[in-house]
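Before any comments, here is the structure.
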Amino acid sequence: MTLNLAPAPPVRFPKKEKLRLVVLISGGGTTLRNLIQKIQARQLPAEILLVISSTAKAGGLRFAEEAGIPTVVVPFKEYPDQEAFSREIFEHCRQLNPDFVVMGGFLKRLVIPEDFTLRVLNIHPALLPAFGGHGYYGRHVHEAVLKFGAKVSGCTVHFADNEYDHGPIILQKAVPVLDDDTPETLAARVFEKECEAYPEALRLLAAGRVQVEGRRVRILAD
């Protein structure tokens with residue numbers, strides 16, 4: 001038997017006049033609010049078709065409701081495992097056929113089906129592969145950065161796969177770590193960059209400038 005070890009062909013995303021998005025949240029929804037504001041200010045060529053929350057207690061649901069965006073709650077605790085939970089999430093997505101599913105502070109691991117490969121995006125509040133993986137979210141990330149003594153942190157926008165914080169990286173933005181930083185001050189500085197990075201990555205996708213070659217993501221010229 002001959003094994004085919006040839007690399008997968010490059011994947012280039014087509015140019016879109018307006019991206020169709022589904023946004024996943026679990027908490028306060030600051031990332032969702034940022035995307036809504038960018039869309040309303042005509043700084044992001046996209047529309048949010050649906051917001052899905054893993055809990056009815058997510059504060060971010062009100063941002064969707066205020067913007068007139070439909071919402072669905074898929075409570076993680078009501079499903080026997082991650083596979084069943086993920087199937088329900090993606091069934092809602094499939095009904096709308098979005099260009100991308102955007103994780104915005106979504107704290108549950110997804111099992112991504114084949115038809116959504118390279119269609120799920122995530123943002124992580126550190127410079128992956130550092131300070132990523134299971135248990136590294138929110139304040140825990142910034143505490144780990146400070147404890148380690150890193151001099152630089154930042155955020156990473158990447159395609160999500162079936163491992164925590166692992167998929168191909170689209171772009172990263174860095175911030176300095178200051179001597180007197182606390183987890184809160186570092187988080188605030190990183191979040192300012194997150195508010196730039198996620199819309200920028202989505203604009204690049206809408207412009208047809210993103211090409212994936214294995215783990216390498218190339219940003220192509222206009």
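A few remarks follow.
- Descending by average beta-carbon neighbour count within 10 Å, the peptides 48-54, 110-116 line up as 48-54, 110-116, the highest first.
- Gaussian network model of the chain, springs between alpha carbon atoms under 10 Å - residue of Ala46, Ala160, Ala174 with greatest fluctuation: Ala174
- Estimated dipole of the chain in Debye, rounded to 20 [Cβ of Lys and Arg +1, of Asp and Glu -1, Cα centre]: 480
- Near the amide H of Gly60, within less than 5 Å, lie the amide hydrogens of Gly27, Gly28, Gly29, all on another chain or at least 5 residues away, with H placed in the peptide plane.
- Accessible surface area normalised per residue over segment 124-222 is 50 Å², counting heavy atoms of protein chains with a 1.4 Å rolling probe.
- Here each label is just a point 7 Å from Cα along the line to Cβ, and for Asn162 and Ala8 those points are 1.2 nm apart.
- In the chain, helical runs assigned H by DSSP with n ≥ 4 each contribute -39500 (n - 2.57); averaged across all residues and rounded to the nearest 500, the mean residue ellipticity at 222 nm is -9500 deg cm²/dmol.
- The chain - percent relative contact order, Cα under 8 Å, separation 6 or more: 22
- Mean shadow area of the chain over all directions, Cα convex hull, nm²: 14.3
- Rounded accessible area per residue of segment 41-106, 1.4 Å, Å²: 50
- Take the Cα of Arg215, step 7 Å toward its Cβ, do the same at Asp179, and the gap between the two points is 3.6 nm.
- Gln172 paired with Thr55, simple spin-label distance in nm, labels 7 Å along Cα-to-beta-carbon: 3.0
- Listed by chain and number, the aspartates and glutamates placed with their C-alpha closer than 20 angstrom to that of Lys108 are Glu78, Asp81, Glu83, Glu88, Glu91, Asp161, Glu163, Asp165, Glu194; residues fewer than eight positions away on the same chain are left out.
- What separates the Cα centres of segment 159-188 and segment 54-99 is a distance of 25 Å.
- The aspartates and glutamates whose alpha-carbon is closer than 17 Å to the alpha-carbon of Lys16, local same-chain residues fewer than 8 away aside, are Glu47, Asp99, Glu200, Asp222.
- Set of lysines near Lys193 by C-alpha distance (under 17 Å), chain-local residues within fewer than 8 positions excluded: Lys38, Lys151, Lys173
- Across the accessible surface of the chain, with the other protein chains kept in place and a 1.4 Å probe, carbon and sulfur atoms take up 52 percent.
- Across segment 59-137, C-alpha contacts under 8 Å between residues 6 or more apart give a mean separation that, scaled by the residue count, equals a relative contact order of 23 percent.
- Under 5 Å, built H, 5+ apart or other chain: amide partners of Val73: Ser53
- Here the mean projected area of the convex hull built on the C-alpha positions of segment 129-222 is 6.4 nm².
The values are calculated or read from the model by the stated rules, or taken from the named source; none is laboratory data. What you see is a predicted model; the values in this text were computed from it and never measured. Quick reminder, even Gly has a Cβ in these numbers, built from the backbone with ideal geometry, and neighbours come from all protein chains shown. Only protein heavy atoms, including side chains, enter the accessible area calculation; ligands, DNA and RNA are left aside. Shrake-Rupley method; radii C 1.70, N 1.55, O 1.52, S 1.80 Å.
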